[in-house]
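Below is one structure, written out as structure tokens; the observations come after it.
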Amino acid sequence: MAGGKIKKEKTQKGGSGPSNHHFQGGIPFHKSKGQHILKNPLLIDSIIQKSGIKPTDVILEIGPGTGNLTKKLLEAGKSVVAVELDPRMVLELQRRFQGTPYSNRLKVIQGDVLKCDLPYFDICVANIPYQISSPLTFKLLSHRPLFRCAVIMFQREFAMRLVAQPGDTLYCRLSVNTQLLARVNHLLKVGRNNFRPPPKVDSSVLTPDGSSDDAEISLCVSALGDTLGDMSMDTDEVKDDDDVEMDDGDTKTSEFKDKVLSVLKLGGFEDKRSSKLTQADFMHLLSLFNKAGIHFS
């Protein structure tokens, strides 16, 4: 709901209505736009409790939908900035809180969260469209000024990639880049039946305190330090050194390859797999490359 394009829905044969509509309060939800609204109040309360929201916090919510989570965020924090792409949902939010004590503490921004400038916030709590998971994660990690924490609902496999450790099957560039800039911990698992309409996959929530419950998908990211150059958003696994093809016929390429191999040998990495390296290993290898005059952007 907060990111991506709004596409025209295909009509059913013999009718003019969309084929994948689910309703709440008269508003149709579209699976194709990642619109899966949290409907379980106990789950919402659990997310609020585990988020560690302070009464002085400015909270960023992405894809608020009809405001089920928004209401609880307003009760817990100082104010909420909600970014919503769908104009229908924006109107529903405004109607829902108009004339209530929360109306002056809620700011709604209509737009694509991946394209708009985010205002200051202390904590981000969001049930996001899963198709924007990777670019949104890196946008939050590069956001300045630094925020304290983000508690985000992700598709389960994506969440498991974020918390994967060296040697795990899902350990990849996404794992390395995210863990370099944040403490990432699994908070709880969320079953698909907690949503309307139910998605085809389970979800997970991650938090910085390392707590873990047996539920579905939920995630929390705690931003740390400064961004170290441009970060790759590729979620594919890190390729092993012997998977990289280089043209030995080119003199310059051959010289560069020899230089790279000498750095790997110097650090004792020539026989190691990238999927087994720890954060400390990657940082040590990076320092060796820099000392050899090889830099990465």
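The values are calculated or read from the model by the stated rules, or taken from the named source; none is laboratory data. Only a predicted model underlies this, so the values are computations on that prediction, with no experimental measurement involved. In this analysis, Cβ positions are derived from the backbone assuming ideal geometry, glycine residues included, and neighbour counts consider all displayed protein chains. SASA here: full protein model, heavy atoms, side chains in, ligands and nucleic acids out. Shrake-Rupley method; radii C 1.70, N 1.55, O 1.52, S 1.80 Å.
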For the list (1) touching a helix residue (DSSP H, G or I) at 6+ places or on another chain (Cβ under 8 Å); (2) touching a residue at least 40 places away in the same chain (Cβ under 8 Å); (3) not in a loop (DSSP other than H, G, I, E, B); (4) not charged (D, E, K, R), I need the number of the one condition that Ala159 fails. (1)
In this structure, is Ile47 modelled with pLDDT of 95 or more and aliphatic (A, V, I, L, M)? no
The condition of being in contact with a strand residue (DSSP E or B) (Cβ under 6 Å, 6 or more places away or on another chain) and open to solvent by 40 Å² or more (accessible area, probe 1.4 Å) holds, among Arg96, Arg144, Arg148, only for Arg148
When the residues of region 100-127 are narrowed to those that are assigned to a loop (DSSP other than H, G, I, E, B) and of a type in the set (A, V, I, L, M), which ends up farthest from Ser204 (Cα to Cα)? Leu118
Quick count over region 120-141, residues being open to solvent by 40 Å² or more (accessible area, probe 1.4 Å) and in contact with a strand residue (DSSP E or B) (Cβ under 8 Å, 6 or more places away or on another chain), is 2
Counting only residues that are over 36 Å from the mean Cα position of the chain (by Cα) and among the β-branched types (Val, Ile, Thr), which one in region 250-268 is modelled with the highest pLDDT? Thr253
Determine, yes or no, whether Glu84 is among the acidic types (Asp, Glu), surrounded by 22 or more Cβ atoms within 10 Å (Cβ to Cβ) and touching a residue at least 60 places away in the same chain (Cβ under 8 Å). yes
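Which of the following residues is within 30 Å of Leu69 (Cβ to Cβ), out of contact with any Cys (no Cβ under 6 Å at 6 or more places or on another chain) and at pLDDT below 65: Ser204, Ser212? Please lay out each step first, then the result.
Working: Ser204 fails: at pLDDT below 65.
Result of the check over Ser204, Ser212: Ser212.
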